[in-house]
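Visitor: One structure, pasted below without further comment.
The values are calculated or read from the model by the stated rules, or taken from the named source; none is laboratory data. A quick note: this is a predicted structure, and the numbers were derived from the prediction, not measured. Reconstructed Cβ throughout: ideal geometry from the backbone, glycine too, with neighbour counts over all protein chains shown. For accessibility, only protein heavy atoms count, side chains too; no ligands or nucleic acids. Shrake-Rupley method; radii C 1.70, N 1.55, O 1.52, S 1.80 Å.
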Amino acid sequence: MSDLIGRARAAMRHAWAPYSNFHVGAAIEANDGKVYVGCNVESASYGLTICAERMALGAAVVGGARKLKRIVVTTEVDPPAAPCGACRQLLAEFGMDLEVIAVGPATERRWTLAALLPDAFTKESLDR
Ligand code: THU
């Protein structure tokens, strides 16, 4: 876990956030132990901003990961910020039992994705 926090914090240092100055890092550990990282990337066209969690998820998917164990999200605030709704929804693609750990400079918060996104719209929702 401390390794995962270190990886997320290292990614956070690369955040491109000149508009919000809110730096976020994420590290996803896949079931096979491989780690994929992301940071937020902002745009002068504000709405194009990509969150750190979705960047890490993209890296995991392109790296071949399909089963995910946990995601660590680092911010520079306490209490640490939880993933936004859009990121929760995209993470839901790969299973609701994902462990989500938000880490600030001094404190941590933990959930399952199921707790963060109750009654989620998932691939099962498409069954008819
Ligand atoms: N941000 C993330 O990277 N992840 C989240 O879950 C919430 C917000 C980023 C987007 C933007 O660059 C900055 O934080 C402020 O919203």
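Visitor: Suppose all protein chains stay in the model; what accessible area per residue would a 1.4 Å probe give for the chain, in Å²? Don't skip to the answer; put the middle values down first.
Guide: Numbers: 6980 Å² over 128 residues.
Here the residues of the chain average 55 Å² of exposed surface.
Visitor: Still on this structure, I have one more. Taking a virtual spin label 7 Å from the Cα of TRP111 along the C-beta vector, which residues in the stretch 8-25 bring their backbone nitrogen under 19 Å of it?
Guide: What the label zone holds, given the 19 Å backbone N cut-off, is 24-25.
Visitor: For the chain, with a Gaussian network of springs between Cα atoms less than 10 Å apart, report the residue from GLY25, GLY64, GLY95 with the top mean-square fluctuation.
Guide: Greatest mean-square fluctuation among the candidates belongs to GLY64.
Visitor: From the phi of every residue in the stretch 7-16, what ³J(HN,Hα) in whole Hz does the Karplus formula 6.51 cos²θ - 1.76 cosθ + 1.60 yield, where θ is phi - 60° and glycine or proline is x?
Guide: 5, 5, 5, 5, 5, 4, 5, 9, 3, 10
Visitor: I would also like to ask the following. What do you get for chymotrypsin sites (Phe, Trp or Tyr not before Pro) in the stretch 39-128 restricted to DSSP loop and a cutoff of at most 15 other Cβ within 10 Å of the site's Cβ? Kindly include the intermediate steps, with their values, before the conclusion.
Guide: Details: sites: TYR46, PHE94, TRP111, PHE121; in loops: PHE121.
The qualifying sites are PHE121.
Visitor: Can I ask one more? Pick from ARG13, ARG70, ARG88: which residue has the top mean-square fluctuation in a GNM of the chain where Cα pairs under 10 Å get a spring?
Guide: ARG13
Visitor: Roll a 1.4 angstrom probe over the protein heavy atoms and tell me the percent of accessible area of the stretch 89-128 that is carbon or sulfur.
Guide: Values: 1400 of 2610 Å².
About 54 percent, which is the carbon plus sulfur part of the accessible surface.
Visitor: Continuing with the same structure: Express as a percent, rounded to the nearest 5, the fraction of DSSP beta bridges in the stretch 2-126 (both residues included) that run antiparallel. Could you put the intermediate results ahead of the total?
Guide: Details: 17 of 23 bridges.
Percentage antiparallel, nearest 5: 75.
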